[in-house]
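The next block holds one structure in the form of structure tokens; read it before the comments.
Just so it is clear, none of the values below were taken in a lab; they were calculated from the coordinates. This is a predicted model, so every value here is computed, not measured. Here Cβ is always computed from backbone atoms with ideal geometry, including for glycine, and neighbour counts include all displayed protein chains.
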Amino acid sequence: MDLNTVLFIGKPGSGKGTQAALLSEATGWKVTASGDLFRALMKEETEVGRKMKGEVEQGLLAPDWFAMYLFQKSILNFPLSEGVIFDGFGRKVPEAKVVVEVLHWLGRPFKAVHVKVSDAEIIDRLGKRAAVSGRADDHAVEKRLEEYRLYTDPSIEVFREAGALVEINGEGEVATIQSDIRSALGI
């Protein structure tokens, strides 16, 4: 069976959401973004929504079990015949292991696209985005990068060990990056 599941992973502000959206336009596959799911929860006037909002505003990653609940809930609703793109899942080692295990169990051929961008570029991008986005987490850049180095760098190795990792230079023109991604994925 051909590739039908793509995960985007990278630092906050690496452009993974933009690239996921462009790949979606090219393939017709739906994008499920962890950040969108978390932001939707944060708008709810519930205990979970308020707790999530507080943690996100501090630049913290969601607990492993919660992110995996959202991932599993999403992936189990997609027929094997449909392609899907995930943005921002598998950002901690336990999450990445569950992602790999679930996708193997379901028989979904997948790749994890690591969009690589330097810290200096991320700081510049998120500074500009914070000025226009109103997203509280864009103001916690250093904390978010610290969380990335601590948790996500090691999780990338899980995808590498699974033979599913594709590394892409995320600095440069958006169209060139998308072309590199599609070429690497054979799409």
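What full-extension length gain, to one decimal in nm, is calculated for ARG50 and LEU185 as 0.36 nm per residue of separation minus the Cα-Cα distance?
Details: separation 135, 0.36 × 135 = 48.60 nm, distance 3.86 nm.
Taking ARG50 through LEU185 to full extension adds about 44.7 nm, to one decimal.
Listed from fewest to most Cβ neighbours within 10 Å, the set LEU126, LEU41 follows the order LEU41, LEU126. Note on ASP119 and HIS104: their simple-model spin labels are 3.3 nm apart, each label 7 Å out from Cα toward Cβ.
Using the structure shown, select from LYS92/LYS128; LYS53/LYS73; LYS43/LYS97; LYS16/LYS73; LYS92/LYS143; LYS53/LYS116 the pairs with a Cα to Cα distance greater than 23 angstrom.
Details: LYS92/LYS128 27 Å; LYS53/LYS73 21 Å; LYS43/LYS97 29 Å; LYS16/LYS73 21 Å; LYS92/LYS143 15 Å; LYS53/LYS116 27 Å.
The answer is LYS92/LYS128; LYS43/LYS97; LYS53/LYS116.
Across the stretch 62-116, counting alpha-carbon atoms alone, Rg and Dmax equal 10.9, 30 Å.
Here each label is just a point 7 Å from Cα along the line to Cβ, and for LYS43 and SER133 those points are 1.6 nm apart. Which one of VAL115, VAL31, VAL174 has the biggest mean-square fluctuation once the chain is modelled by GNM with Cα springs under 10 Å? The residue with the greatest mean-square fluctuation here is VAL174. Here LEU60 and LEU80 are evaluated by their C-beta separation; at R0 = 41 Å the FRET efficiency comes out at 0.75.
Computed over the Cα atoms of the stretch 12-59, pair by distinct pair, the Kirkwood hydrodynamic radius stands at 12.1 angstrom. A cut-off of 5 Å between modelled amide H atoms, ignoring neighbours fewer than 5 places along the same chain, links ALA33 with ASP87. Pick from GLU95, GLU147, GLU25 the residue whose mean-square fluctuation is largest in a GNM of the chain, springs joining Cα atoms under 10 Å. Largest GNM mean-square fluctuation: GLU25. Computed from backbone phi with θ = phi - 60° and the Karplus coefficients 6.51, -1.76 and 1.60, the 3J(HN,Hα) list for the stretch 16-26 is 5, x, 4, 5, 4, 5, 5, 5, 4, 4, 6 Hz; x is used for glycine and proline.
Compare GLY127, GLY83, GLY17 in a GNM of the chain, Cα atoms joined below 10 Å, and give the one with the largest fluctuation. Fluctuation is largest for GLY127. Residues ILE181, ILE123, ranked from the fewest to the most other C-beta atoms within 10 Å, line up as ILE123, ILE181.
Assuming 0.36 nm per residue, please report the length gained on full extension of the stretch GLU142 to ALA26 beyond their Cα-Cα distance. Show your work: numbers first, answer last.
Numbers: separation 116, 0.36 × 116 = 41.76 nm, distance 3.36 nm.
That works out to 38.4 nm of additional length.
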